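Single-structure report; data block below.
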Amino acid sequence: MKINSLEEIVSFAKSRGFIFQSSEIYGGLSSCYDFGPLGVELKNNVKKAWWKAMVQKRDDVFGLDSAIFMHPKVWEASGHLEGFTDPLVDCKKCKKRWRADHLYENKGLKPDFKPGMMNKNEIRCPECGGELTEVRNFNLMFKTEMGVVEGEGNTIYLRPETCQGIYVNFLNVQKTMRKKLPFGIAQIGKAFRNEITPGHFIFRTREFEQMEQQYFVHPKDKKEYFNNWKELRFSWYLDLGIKKENLRFRQHEKDELAHYASEAWDIEYNYPSMGFKELAGIHDRGDWDLSRHSQFSGEKLEYLDQENNEKYIPHIIETSDGADRATLAFLADAFETRVGSENSKHEEEIVLKLDKRLAPIKIAFLPLSKKEDLQELTKKIQKELAKEWMTMYDETGSIGKRYRRQDEIGTPYCLTVDFDSLEDKKVTVRDRDTMEQERIMISDLKKYFSEKLN
Ligand code: ATP
């Protein structure tokens with residue numbers, strides 16, 4: 001099995017328990033996915049690594065978990081009600097919907113949505129070649145109603161980004177943590193966008209997870225912090241194993257900047273079948289968010305610098321990462337093949353070279369045979385180590401086959417218990433990457449894996 005295309009990743013992810021189609025038994029809900037037993041571990045590890053780098057290891061960034069539902073005024077102030085739209089066109093023939101900006105991009109043209117321009121630029125339906133309607137703006141926010149009474153006043157939105165929960169809590173965090181500027185607030189959570197053309201597996205879905213951090217600074221310092229964050233976010237991906245040649249920066253052109261941004265860079269990943277596409281963003285949001293929320297709420301979201309006796313609205317440097325896009329990138333980047341080993345009949349075997357911190361299962365427990373005393377000892381050791389690490393037990397098939405199964409899902413260590421173990425109290429630990437095997441005393445295992453895994 002080779003993994004070169006997105007399609008192959010989709011099928012691998014399904015067959016190995018990483019990612020399933022949502023509501024599959026009902027024919028599936030398009031562009032919605034469920035993370036299976038291994039996928040949830042991988043994604044959790046991505047989120048944990050992000051939290052560790054962004055919150056735990058820093059004393060200038062605090063965590064937050066704000067509600068998905070927010071006061072409807074938030075989305076007026078943020079500009080989403082008016083401006084969070086994508087340019088939509090319908091095919092007059094096959095009725096398929098498209099994002100007009102993507103159609104222009106595909107032709108290598110600069111978007112122009114003025115009436116008549118689609119025809120003039122000879123942009124047609126990519127599916128059937130039909131004529132397209134004029135461009136209209138489509139708001140991406142999901143609407144629902146809150147409370148038991150239906151009607152206008154109860155309209156509420158599912159948040160399309162997590163950062164607004166951070167802005168409205170700026171003063172709560174600043175005051176309770178008694179923190180001077182600059183400092184940041186970070187959170188991980190679900191966001192929802194009624195994307196016109198979702199697709200490419202978990203790259204673009206309507207329900208996804210963001211990992212966002214907002215850094216509040218004095219405007220005079222912001223360029224320095226902007227550059228710092230840009231480098232930090234990029235190196236975070238490299239540190240966790242993304243290959244350098246698959247990662248790059250792309251600066252937003254003036255005319256593609258979002259309504260709030262004065263400078264923006266994407267970190268792009270070279271996704272299989274798609275090429276370089278946005279994985280994360282670093283944005284200079286200026287004082288847009290805090291001044292708009294001050295204006296709409298009547299609450300002054302200012303900072304008083306007592307030392308310099310200066311009152312000002314902080315500027316914001318935002319780092320915005322998608323947990324799903326990151327999970328897909330780490331997964332895609334980790335596939336390697338090696339020529340058949342360990343009695344394998346396969347020509348090439350997959351080794352998922354995930355960083356150990358991201359690997360769903362850290363240690364697999366493999367008794368050499370199904371003899372009761374081996375099973376018992378294996379389970380006893382597993383029970384102890386499972387207090388610290390995610391583990392898996394597997395006793396079916398030859399040992400070579402079981403190693404291959406673990407290599408495929410990226411398990412860094414396999415631990416084999418054999419008949420000698422009953423006598424010498426040692427087990428064999430095999431390393432996924434070097435395939436080297438070591439005999440380790442059972443009583444030393446905790447220390448051994450602490451050094452290897454922590
Ligand atoms: P795109 O141009 O691809 O639509 P965007 O510029 O709208 O993305 P942002 O608003 O900057 O994206 O969102 C921040 C991050 O959230 C993105 O870098 C991405 O990782 C993630 N993200 C945004 N939309 C989606 C989606 N529909 N599905 C999965 N992740 C998403």
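Looking only at residues that are without any contact (Cβ under 8 Å) to a residue 40 or more places away in the chain and closer than 16 Å to THR319 by Cα in segment 233-253, which one is nearest to the chain's Cα centre (by Cα)?
PHE234
Identify the single condition in (1) in contact (Cβ under 8 Å) with a residue 12 or more places away in the chain; (2) farther than 17 Å from HIS71 by Cα; (3) basic (Lys, Arg); (4) away from the ligand (no atom under 16 Å from the Cβ) that ARG193 does not satisfy, given that it satisfies every other one.
Against the list (1) in contact (Cβ under 8 Å) with a residue 12 or more places away in the chain; (2) farther than 17 Å from HIS71 by Cα; (3) basic (Lys, Arg); (4) away from the ligand (no atom under 16 Å from the Cβ), ARG193 comes up short only on (4).
Scanning segment 134-184 for residues that are among the aromatic types (Phe, Trp, Tyr) and away from the ligand (no atom under 16 Å from the Cβ), which turns out farthest from ASP59 (Cα to Cα)?
Of all residues in segment 134-184, those among the aromatic types (Phe, Trp, Tyr) come to 138, 142, 157, 167, 170, 183.
This time we only want the ones that are away from the ligand (no atom under 16 Å from the Cβ), so: 170, 183.
Values: PHE170: 17, PHE183: 9 Å.
Filtering first and then ranking leaves PHE170.
Restricting attention to segment 402-421, does a residue exist that is in a helix (DSSP H, G or I) and under 17 Å from ASP444 (Cα atoms)? Please lay out each step first, then the result.
Taking segment 402-421 first, the residues in a helix (DSSP H, G or I) are 402-408, 419-421.
Going one step further and asking which of them are under 17 Å from ASP444 (Cα atoms), we end up with 420-421.
Yes, some residue in segment 402-421 is in a helix (DSSP H, G or I) and under 17 Å from ASP444 (Cα atoms).
Of the residues that sit in segment 341-352 and are over 14 Å from ILE399 (Cα atoms) and either in contact with a Gly (Cβ under 7 Å, 6 or more places away or on another chain) or loosely packed, with under 14 Cβ neighbours inside 10 Å (or both), which one is modelled with the lowest pLDDT?
Across segment 341-352, the extreme among qualifying residues is HIS346.
Can you pull out the residues in segment 318-328 that are part of a helix (DSSP H, G or I) and under 13 Å from TRP236 (Cα atoms)? Break it down into steps so the answer makes sense when it comes.
Restricting attention to segment 318-328, the residues satisfying the condition of being part of a helix (DSSP H, G or I) are 323-328.
Hit for segment 318-328 is ALA326, nothing else.
Kindly indicate whether GLU245 is modelled with pLDDT of 95 or more, within 10 Å of the ligand (Cβ to nearest atom) and not small (Gly, Ala, Ser). Before you say what the answer is, go through the steps one by one.
On the way: modelled with pLDDT of 95 or more: yes; within 10 Å of the ligand (Cβ to nearest atom): no; not small (Gly, Ala, Ser): yes.
Judged against the criteria, GLU245 is not a match.
When both residues are 6+ apart or on different chains and their Cβ atoms are under 6 Å apart, which pairs have a first residue that lies in segment 276-288 and is modelled with pLDDT of 95 or more, and a second that is within 7 Å of the ligand (Cβ to nearest atom) and outside any strand (DSSP E or B)?
Partner pairs satisfying both residue conditions: LEU279/ARG325.
Just a yes or no: is a residue in segment 365-385 at pLDDT 95 or above, surrounded by fewer than 19 Cβ atoms within 10 Å (Cβ to Cβ) and within 20 Å of LYS14 (Cα to Cα)?
No: zero hits.
Please tell me if GLU395 is surrounded by 13 or more Cβ atoms within 10 Å (Cβ to Cβ), at pLDDT 95 or above and within 28 Å of the chain's Cα centre (by Cα).
Values: surrounded by 13 or more Cβ atoms within 10 Å (Cβ to Cβ): yes; at pLDDT 95 or above: yes; within 28 Å of the chain's Cα centre (by Cα): no.
Considered against the rule, which asks whether it is surrounded by 13 or more Cβ atoms within 10 Å (Cβ to Cβ), at pLDDT 95 or above and within 28 Å of the chain's Cα centre (by Cα), GLU395 comes out as no.
Go through segment 278-317 and report how many residues are part of a strand (DSSP E or B), of a type in the set (Lys, Arg) and farther than 22 Å from ASN228 by Cα.
1
Here's the yes/no breakdown for (1) outside the structural domain of GLN214 (by TED's automatic domain parsing); (2) within 16 Å of the ligand (Cβ to nearest atom); (3) out of contact with any Gly (no Cβ under 9 Å at 6 or more places or on another chain):
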residue	(1), (2), (3)
ASP255	no, yes, yes
ALA258	no, yes, no
PHE276	no, yes, yes
ASP287	no, no, yes
HIS293	no, no, yes
GLU299	no, no, yes
ILE316	no, yes, no
SER320	no, yes, no
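How many residues, within segment 196-231, are surrounded by fewer than 17 Cβ atoms within 10 Å (Cβ to Cβ), more than 15 Å from the ligand (Cβ to nearest atom) and either in a helix (DSSP H, G or I) or on the phi > 0 side of the Ramachandran plot (or both)?
Going through segment 196-231 one residue at a time, the tally reaches 8.
Any residue in segment 237-249 that is surrounded by 20 or more Cβ atoms within 10 Å (Cβ to Cβ) and either in a loop (DSSP other than H, G, I, E, B) or not assigned by TED's automatic domain parsing to the domain that holds TYR33 (or both)?
yes
The values are calculated or read from the model by the stated rules, or taken from the named source; none is laboratory data. Computed from a predicted structure; not experimentally measured. All Cβ positions, even for glycine, are placed from backbone atoms using ideal geometry, and neighbour counts span all protein chains on display.
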